[in-house]
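Chemist: Starting off with a structure, shown below.
The values are calculated or read from the model by the stated rules, or taken from the named source; none is laboratory data. In this text, all values refer to a predicted model and were calculated from it rather than measured experimentally. Every residue, glycine as well, gets a Cβ built from its backbone with ideal geometry; the counts of neighbours run over all protein chains shown.
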Protein chains: 2
Amino acid sequence: MSDGVSMTLEEVYATAFEVLCVQGCSEPQAEAIAETITAAERDRCASHGLFRIPFYVRAIRGGIVRPRAVPTFTDLAPGVLKIDGGLGFAPLALKLGAEPIAERARSQGIAALALTNVCHIAALWPEVERLAEWGLVAFAFTGASSFVAPAGGTRPLYGTNPMAFGWPRAGHPPMVFDQASSASARGEIQLHLRDGKPIPEGWAIGPDGTPTTDAAMALEGAQLPFGGHKGAAIALMVELLAGALIGSVFSFEAQALDTNKSGVPPGGEFMIVIDPSRCIADEDAGNQLQHAEALFERILAQEGTRLPSQRRFAVRAETLQNGISIPASLAGEIDALRTVS
Amino acid sequence: MSDGVSMTLEEVYATAFEVLCVQGCSEPQAEAIAETITAAERDRCASHGLFRIPFYVRAIRGGIVRPRAVPTFTDLAPGVLKIDGGLGFAPLALKLGAEPIAERARSQGIAALALTNVCHIAALWPEVERLAEWGLVAFAFTGASSFVAPAGGTRPLYGTNPMAFGWPRAGHPPMVFDQASSASARGEIQLHLRDGKPIPEGWAIGPDGTPTTDAAMALEGAQLPFGGHKGAAIALMVELLAGALIGSVFSFEAQALDTNKSGVPPGGEFMIVIDPSRCIADEDAGNQLQHAEALFERILAQEGTRLPSQRRFAVRAETLQNGISIPASLAGEIDALRTVS
C-alpha cells in the first residue's frame, strides 16, 4: 500500500496503549484494549484494530464510559459468575474474568458469565479464542446500538449482535467463528463509506425501507439480518441473552443511554463456557478433540472449503513476521490523539 | 382439503400410539413419540407429524433402533447430566430427562444435557418449549445424516443440524424457534417431492454440484446451509456440540452406522438450560421476563413482523378446537401399519 504506514505489532500495541492512557484510561483499561486492538491488527481484522481508536477516544470524551473503571465480581450461582464492568470498556472485564470463568467451567462442567455495564466495541473472538486455547468450548453474545431490522420489518431494532464460538483443537489453533447476526458487520459498512465503495446488495435498506448499496444510506437506514428470518432469530436470541437475561439493556435501550451519540453505548455480554472433559465419561475424555479433527479433515477434503478461523491464523503467521500497514490518514488521526489539546 | 382425512388430536395420539406399539415399541417409547407427533400435528408441523410414522416403523423394522430401550442417567459433573438412550428413540429420553435437567439448571444456574445413543427424527422445539414453560431458557442442538455441504463445498457432510432456542414469557406461550442450519428442513424437501412441487432456489445443489429446484435431485445431491458461510458455521457448531463434545457421532458417521438405510441413524443431542433467576441479583429476578416483553412489543410494532413461534401458537388454538386433516394417502399408509403382516 503506497500511502500506508508500516508498523510492527509492538508499535501497534504501544501506540494504542499510549493514546488510551493520554486520553484518560487507567493503565489496566488501556492495556486490555491495546491487547484487543493489537490482536485485531495481527489478524487483519481492520475494523476492530487501530481504526477503533478514535471511537474509544470519542467515547471517553463524550460518552458515559468511565475509562478508569475497576470491574467487580459477584457469585450468582455455582455455575454463574457476574462481572459488573463499572461502565468501563469490555476488554479489561473479559481479561480479568477469563481465569475465574474457566475455573468455574472446569469444576461445574458448564458455566455462564454475565457481564454488565461495559462499553463494548471490540470483537468477540479474542475471549472465546483465549478460553478455547485453554481447552474449553466457549460461546459469546453481545448486543450493540439499534442497527438491524427484525424479520419482516423495515426499521432498526436489533444490534448487529455478534455470536462467537470457539472449539479447542489438539495441535492446531482453536476453531473460532465470530459472526454478526446482521448480513455484515457495521464496521464493514463504515470501512466502505471511508473508502467510497458501494456495499453489496442484501446488507441494508435505506431510511425509506427499500434496498440500498449506498454505505451512507445504509448507516442511516437499517442493516438486514443474514439469511432472512433465521438470522433474525439469532439476532433476537442474542438480544435476550446479552440484554434481559443478565439484567442489561437491549440494543434500542443502549442507544438511548448514549446521550452524547458517542456511538459507544453501555451494554452487556453473555458467555457460556463448557469443559469438554466433563461432558463425557472420564475414560473417553481424551478422544473428543481427536474425534473433531476427523470432521475438520472431511471439511477440508472438499475443494473450496476452509475452516472459519483459518484465514485469520494464516495472516497472523505473516503479520507476526512482517508487521502491518494502516492508511496514512488513520495514522495521522491517531497521532493527533497522542496529546490532549 | 377434499381428499383429506379429518382427525381430532386425541385420534392422532391414539393412532400413533397404537401403530408404534403394534410395531414393537414399548409403551413408554410409544407414548413419548405419540406425544411428539401429536404436538407437531397440533401446531401444523406436518413434516414431524403423522407423516413420520412410516419412518419410525422403517427404523424399527430395518434399523439399529431398540424400540423397547430404557434410557439410563449418569451424573458427569454438577452442571452436566448424561442420558444414554440405549438406542431407543429420542422423545422418551428427553421426556424423562426434562425434570432432572430443569432441577440442575435451577440449582447450578446453568446446566447441560448430553443425550447419546438415540435415534432422533423429531423436532427440537417440544423439549425447549417444555423447559421454557417451566420458566427456563433452553437451547437444543442435534445432527442428522449427511445432507448439507460445508461452506464452499459441493458434497454432503453436515446434517440439517437444527438449533432450537426457547425463552419463557410472562402471560404468553414461550418464544421458541427451531431452525435447521440448512436453508430448508429435509422434511420440507420430502414434502415437496411427495406433492410433486419444485423446491425454491438456494435450498440445494444436485449430485453434479450445480443448483437445482428438483426435489429428487436435491435429495440425491446436497442441501445448502442458510445464509451462506454464517449458516454453515452454525451447522459446524451443531456437529461439534451434538457429536464430539458428548462422545456421540458426527452426521457423516451416523449415516454410516445406518447400515440398512432406514433413514433413522443413531446420534446425540446437546441441550443447555439456564435459570434466568440465577443470572441476576435476587431482587431483580422478577424483572427479566417483563423486560423482554418490551423488546417483543417493539418487534411487533413494526408492520410485517411476527415472533418466531407466533404462527404455531395461532394454529394450535385452532387445531385444539377443530382437529386436523391429513392426506388420504398418508392415512391409508398408516392404517396398513396397524397390523404386523
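Chemist: If you check A:GLY231 against the conditions, is it in contact with a Phe, Trp or Tyr (Cβ under 9 Å, 6 or more places away or on another chain), small (Gly, Ala, Ser), within 10 Å of chain B (Cβ to nearest Cβ) and not in a loop (DSSP other than H, G, I, E, B)?
Modeler: yes
Chemist: Please go through region B:306-316 and pick out each residue that is in contact (Cβ under 8 Å) with a residue 60 or more places away in the chain and in a helix (DSSP H, G or I).
Modeler: Residues satisfying the conditions are B:ARG312, B:PHE313, B:VAL315, B:ARG316.
Chemist: So B:THR319 fits all but one of (1) hydroxyl-bearing (Ser, Thr, Tyr); (2) more than 11 Å from every other protein chain (Cβ to nearest Cβ); (3) not in a helix (DSSP H, G or I); what number is the exception?
Modeler: B:THR319 satisfies all of (1) hydroxyl-bearing (Ser, Thr, Tyr); (2) more than 11 Å from every other protein chain (Cβ to nearest Cβ); (3) not in a helix (DSSP H, G or I) except (3).
Chemist: Something else now. For the structure I just gave you, tell me whether B:LEU50 is within 22 Å of B:LEU241 (Cβ to Cβ), of a type in the set (A, V, I, L, M, F, W, C) and touching a residue at least 12 places away in the same chain (Cβ under 8 Å).
Modeler: It is false that B:LEU50 is within 22 Å of B:LEU241 (Cβ to Cβ), of a type in the set (A, V, I, L, M, F, W, C) and touching a residue at least 12 places away in the same chain (Cβ under 8 Å).
The rows are residues; the columns are (1) surrounded by 20 or more Cβ atoms within 10 Å (Cβ to Cβ); (2) closer than 19 Å to B:ALA144 by Cα.
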{"position": "B:THR8", "(1), (2)": "no, no"}
{"position": "B:ALA14", "(1), (2)": "no, no"}
{"position": "B:GLU18", "(1), (2)": "no, no"}
{"position": "B:ALA30", "(1), (2)": "yes, no"}
{"position": "B:ILE37", "(1), (2)": "yes, yes"}
{"position": "B:GLU41", "(1), (2)": "yes, no"}
{"position": "B:SER47", "(1), (2)": "no, yes"}
{"position": "B:VAL57", "(1), (2)": "yes, yes"}
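One line per residue, one yes/no per condition, for (1) hydrophobic (A, V, I, L, M, F, W, C); (2) touching a helix residue (DSSP H, G or I) at 6+ places or on another chain (Cβ under 6 Å); (3) closer than 23 Å to B:PRO168 by Cβ:
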site	(1), (2), (3)
B:SER26	no, no, no
B:ALA39	yes, yes, yes
B:ILE60	yes, no, no
B:GLY63	no, no, no
B:ARG104	no, no, yes
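Chemist: Within region A:263-305, which residues are charged (D, E, K, R), more than 7 Å from chain B (Cβ to nearest Cβ) and either under 19 Å from B:ALA222 (Cα atoms) or part of a helix (DSSP H, G or I) (or both)?
Modeler: Hits for region A:263-305 are A:ASP282, A:GLU283, A:GLU293, A:GLU297, A:GLU303.
Chemist: Tell me the helices (runs of 4 or more DSSP H) entirely within region B:84-197 that contain at least 3 residues that are within 24 Å of B:ARG316 (Cα to Cα) and touching a Phe, Trp or Tyr at 6+ places or on another chain (Cβ under 9 Å).
Modeler: Answer list for region B:84-197: B:125-133, B:186-194.
Chemist: If A:ARG338 satisfies all but one of (1) among the charged types (D, E, K, R); (2) more than 9 Å from every other protein chain (Cβ to nearest Cβ); (3) not in a loop (DSSP other than H, G, I, E, B), what's the number of the condition it fails?
Modeler: It is condition (3) that A:ARG338 fails.
Chemist: For residues that are among the charged types (D, E, K, R) and within 26 Å of the chain's Cα centre (by Cα), scanning just region B:294-334, find the one that is surrounded by the most Cβ atoms within 10 Å (Cβ to Cβ).
Modeler: For region B:294-334, the residue satisfying everything is B:ARG312.
Chemist: Being buried (at least 24 other Cβ atoms within 10 Å of the Cβ), modelled with pLDDT of 95 or more and more than 9 Å from chain A (Cβ to nearest Cβ) is the filter here, so list the residues in region B:144-157 that pass it.
Modeler: If the condition is that a residue be buried (at least 24 other Cβ atoms within 10 Å of the Cβ), modelled with pLDDT of 95 or more and more than 9 Å from chain A (Cβ to nearest Cβ), then B:VAL148 is the only one that fits.
Chemist: Which residue out of B:LEU245, B:LEU257 is in contact (Cβ under 8 Å) with a residue 12 or more places away in the chain and closer than 22 Å to A:GLY166 by Cα?
Modeler: So the residue among B:LEU245, B:LEU257 that is in contact (Cβ under 8 Å) with a residue 12 or more places away in the chain and closer than 22 Å to A:GLY166 by Cα is B:LEU245.
Chemist: Restricting the search to region B:158-184, which residues are surrounded by fewer than 24 Cβ atoms within 10 Å (Cβ to Cβ) and on the phi > 0 side of the Ramachandran plot?
Modeler: If the condition is that a residue be surrounded by fewer than 24 Cβ atoms within 10 Å (Cβ to Cβ) and on the phi > 0 side of the Ramachandran plot, then B:GLY171 is the only one that fits.
Chemist: Would you pick out the residues in region B:244-262 that are facing chain A (nearest Cβ under 7 Å) and outside any helix (DSSP H, G or I)?
Modeler: Selection gives B:GLY247, B:PHE250.
Chemist: Mind listing just one residue for me: the one in region B:66-86 that is over 20 Å from B:PRO265 (Cα atoms) and of a type in the set (Val, Ile, Thr) and, of those, nearest to the other protein chains (Cβ to nearest Cβ)?
Modeler: Looking at the filtered set, the residue picked out is B:VAL80.
Chemist: I've got another one for you. Under 6 Å by Cβ, and 6 or more places apart or on different chains, what pairs join a residue from region A:322-334 that is closer than 18 Å to A:TYR56 by Cβ and assigned by TED's automatic domain parsing to the domain that holds A:TYR56 with one that is surrounded by 18 or more Cβ atoms within 10 Å (Cβ to Cβ) and of a type in the set (Asp, Glu)?
Modeler: none
Chemist: Looking at B:LEU219, B:LEU241, B:LEU236, which one is over 18 Å from the mean Cα position of the chain (by Cα) and assigned to a helix (DSSP H, G or I)?
Modeler: B:LEU219 is the lone residue from the list that is over 18 Å from the mean Cα position of the chain (by Cα) and assigned to a helix (DSSP H, G or I).
Chemist: Would you check which residues across region B:44-67 are farther than 17 Å from B:LEU94 by Cβ, more than 13 Å from the chain's Cα centre (by Cα) and either among the acidic types (Asp, Glu) or in a loop (DSSP other than H, G, I, E, B) (or both) and list them?
Modeler: Listed by number, the residues that qualify are B:ARG44, B:GLY63, B:ILE64.
Chemist: For region A:255-265, enumerate the residues that are on the phi < 0 side of the Ramachandran plot and surrounded by fewer than 24 Cβ atoms within 10 Å (Cβ to Cβ).
Modeler: Scanning region A:255-265 gives A:GLN255, A:ALA256, A:LEU257, A:ASP258, A:THR259, A:ASN260, A:SER262.
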